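Okay, structure first, notes after.
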Amino acid sequence: MRARIRARYGAGPLHLIATVASFALAGAAVVRWFDSGSDVIKILAWFAGAIVAHDLVLLPLYSLLDRVALRRRRASVYVRIPALLSGLLLIVFLPAIARLGATTYHASSGLNQDVYLGRWVAATAVMFGVSGAIYLFRRRAAVRARTPPSRPRSPRAR
């Protein structure tokens, strides 16, 4: 059975189940948006804007940054991973970092959004710091592995 699914689908049955579940979840979210009385035009405009912003602005930007990072192959992964995680945090928490909807946030939670920017900067600094420390540690270990150990001098050589 697995071989038939893999032959027809191109991947294993677990991948097929996860893909179908993802589409079902996305479909349920879209149906709920449209049933909740949301403005369909605004939702479609938001999606169109997000697609255009990504394809025309973000994709060239992070492709350029990736090319710059690839010039130093050894160090590139140590820059790429914290940059990716930092960017993901920024995208997820951008409304709070930029203090958009501060009055609504305060009214619903009783808290303010002043801490998000500092926490994002701190998280980014920690990620890059840990990544840099790992890079330096591994580089030092590689240099030590390449350097032959020094031999002690014999007493006759003096």
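The values are calculated or read from the model by the stated rules, or taken from the named source; none is laboratory data. All figures in this text were calculated on a predicted structure; none of them were measured in a lab. Please note: Cβ atoms are built from the backbone with ideal geometry, for glycine as well, and neighbour counts cover all protein chains shown.
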Quick check on residue 140: is it modelled with pLDDT of 95 or more, part of a helix (DSSP H, G or I) and outside the structural domain of residue 64 (by TED's automatic domain parsing)? no
Pairs needed: first member in the stretch 131-149, within 21 Å of residue 85 (Cα to Cα); second member anywhere, surrounded by 11 or more Cβ atoms within 10 Å (Cβ to Cβ) and at pLDDT 90 or above; C-beta distance under 6 Å; at least 6 residues apart or different chains. 131/82
Looking only at the stretch 1-41, filter to residues that are surrounded by 10 or more Cβ atoms within 10 Å (Cβ to Cβ) and basic (Lys, Arg); which one of those is nearest to the chain's Cα centre (by Cα)? 32
Residues in the stretch 61-103 that are outside any helix (DSSP H, G or I) and basic (Lys, Arg): how many? 3
For residues that are among the polar types (S, T, N, Q) and outside any helix (DSSP H, G or I), scanning just the stretch 104-137, find the one that is surrounded by the fewest Cβ atoms within 10 Å (Cβ to Cβ). 112
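Quick grid of which residues meet (1) modelled with pLDDT of 90 or more; (2) within 27 Å of residue 140 (Cα to Cα); (3) not hydrophobic (A, V, I, L, M, F, W, C):
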{"site": "65", "(1), (2), (3)": "no, yes, no"}
{"site": "72", "(1), (2), (3)": "no, yes, yes"}
{"site": "79", "(1), (2), (3)": "no, yes, no"}
{"site": "85", "(1), (2), (3)": "yes, yes, no"}
{"site": "108", "(1), (2), (3)": "no, no, yes"}
{"site": "112", "(1), (2), (3)": "yes, no, yes"}
{"site": "117", "(1), (2), (3)": "yes, no, no"}
With respect to residue 38, determine if the residue is closer than 30 Å to residue 139 by Cβ and small (Gly, Ala, Ser). no
Does any residue in the stretch 83-99 that is free of Cβ contacts under 8 Å to residues at least 24 places away in the same chain come within less than 7 Å, Cβ to Cβ, of a residue that is assigned to a helix (DSSP H, G or I) and surrounded by 16 or more Cβ atoms within 10 Å (Cβ to Cβ) six or more places away or on a different chain, and which pairs are these? 96/116; 97/116; 97/120
